[in-house]
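Student: Have a look at the structure that comes next, please.
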Amino acid sequence: MTADAAGTARQVAKSRPVKAGARIGLLAYGITYLLIAWLALQVAFGSSGQRTDQNGAFQTIASEPFGQLLLWVLVVGFVAVALWRLEQAIFATGGVQDQSEQIKKRVENGARAVVFAVLAIIAVRTALGSGGQGTGQEAAAGTLGRPGGQFLVGAVGLVLVVIAAVKAKNGWDKKFLEEMNLPSDQKARSAVERLGQVGSIAKAVAIGLMGVLVVVAAVQFDPSKANGLDPALKTLAAQPFGMFLLAIVAVGLAAYGVFCFFDAKYHRV
């Protein structure tokens, strides 16, 4: 019975509709990061008080004509990517023979499934008008109030910093190419490689900033500092030359958004 259920789940995750939806989800991921980059640039030039994170991006979409409909399309795409990544985490090892590498791939795909599931939830909440602000802060506050919570929140922050370092290294080494079938045209390949490198490093910087703020939240016992990407980017903007640095990160995040468009086309799904 369990084997039958697992087989059915795998068939669904590998079906054509889910694979097509996964490409839509990767495209939606790119749109999300382009909007985050645009909002961050507005903050850098002092012209916006909007949230510079996924919530802000989805709220921007919702405010446009047909925005609610587009949000639901994004939800479908995010769910499809989550299902596809979950199938890879459970069943697929990508031809890797080494057991430690298999475990690493399963963990990475499982984490990606969670990321897209969370994006789907935030998009649904935004489409329904409930938003998603304060989620990180509420979670940090609840954890900090428990025995050992301060150490747990600090550990989460350190894990984010490590993830950021690994992502930056993988981006520089162009590890993302291992899951793509790029075109033979050299100019197109070079464009994808550079966008992937710059975008991955910029995203790593953003994740690293979030990790540092989570550690600070644990040390200072202040959950308001552990509230995701928005306070991380705005904290960067508040530093000396911060507006200039935020603009650079924003351009990098925009590069990652454009890279996601290529990823949606060339990723092996």
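Student: Please state which one of 206, 255, 264 is of a type in the set (A, V, I, L, M), within 19 Å of residue 161 (Cα to Cα) and either modelled with pLDDT of 85 or more or not in a helix (DSSP H, G or I) (or both).
Tutor: 206
Student: What number of residues within the stretch 230-252 satisfy the criterion of being part of a helix (DSSP H, G or I) and polar (S, T, N, Q)? Give the derivation first.
Tutor: The first filter runs over the stretch 230-252 and keeps only residues part of a helix (DSSP H, G or I), leaving 230-237, 242-252.
Now restrict to residues that are polar (S, T, N, Q): 235.
Qualifying residue count for the region: 1.
Student: When you scan the stretch 86-105, do you find a residue that is modelled with pLDDT of 85 or more and farther than 19 Å from residue 209 by Cα, even just one?
Tutor: Yes, that holds for at least one residue.
Student: Residue 216: surrounded by fewer than 20 Cβ atoms within 10 Å (Cβ to Cβ), of a type in the set (A, V, I, L, M, F, W, C) and modelled with pLDDT under 85, yes or no?
Tutor: Yes; evaluated as a whole, the condition is true for this residue.
The values are calculated or read from the model by the stated rules, or taken from the named source; none is laboratory data. None of the values given here were measured: they were computed from a predicted structure. Methodologically, a virtual Cβ is constructed for each residue, glycine included, from the backbone with ideal geometry; neighbour enumeration extends over all protein chains shown.
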